[in-house]
1. Residue 19: touching a residue at least 40 places away in the same chain (Cβ under 8 Å), more than 13 Å from the chain's Cα centre (by Cα), more than 20 Å from residue 99 (Cα to Cα) and assigned to a helix (DSSP H, G or I), yes or no?
2. Examine the stretch 38-45 for a residue that is closer than 13 Å to residue 101 by Cα, in contact (Cβ under 8 Å) with a residue 12 or more places away in the chain, part of a loop (DSSP other than H, G, I, E, B) and out of contact with any helix residue (DSSP H, G or I) (no Cβ under 7 Å at 6 or more places or on another chain), and state whether such a residue exists.
3. Out of the residues in the stretch 51-99 that are in contact (Cβ under 8 Å) with a residue 40 or more places away in the chain and under 30 Å from residue 20 (Cα atoms), which is surrounded by the most Cβ atoms within 10 Å (Cβ to Cβ)?
4. Residue by residue through the stretch 1-50, note down the ones that are surrounded by fewer than 16 Cβ atoms within 10 Å (Cβ to Cβ), closer than 20 Å to residue 137 by Cβ and at pLDDT below 85.
5. Determine which single condition residue 114 fails, assuming it passes every other condition in (1) modelled with pLDDT under 85; (2) part of a strand (DSSP E or B).
């Protein structure tokens, strides 16, 4: 009984840490996949004729933002990740016929929902950033 009382908190901490790490990897992978799909869509839509100039219209920008956040260009349904918004998604054409899609996401752990004793609120643990650059086709 005494050994159990000593070892149980350690085992629970290891299990909780493993679950949080797995969830963080899953959310980062979902974010990266979403940004990669949006970059692929933008690279197919953004090239203007045979001139090699990439045109990023407001309509394309909105479609890409919706694709990253909702998984579809219409912007319907629930977000891919809780707290992910279209305001954090950017689409640019840096030159050389490329498309650049970038987003950031504040990851908040499940077991870290206790208030932060420094400021009194719940603060995100990590800020995930995903950037994908593709050649427009």
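The values are calculated or read from the model by the stated rules, or taken from the named source; none is laboratory data. This structure is a prediction, so every number in the text was calculated from the model and none was measured. Neighbour counts run over all protein chains shown; Cβ positions are idealised from the backbone, glycine included.
1. yes
2. no
3. The qualifying residue surrounded by the most Cβ atoms within 10 Å (Cβ to Cβ) is 89.
4. The answer is 48, 49, 50.
5. Going through (1) modelled with pLDDT under 85; (2) part of a strand (DSSP E or B) one by one, residue 114 breaks only (2).
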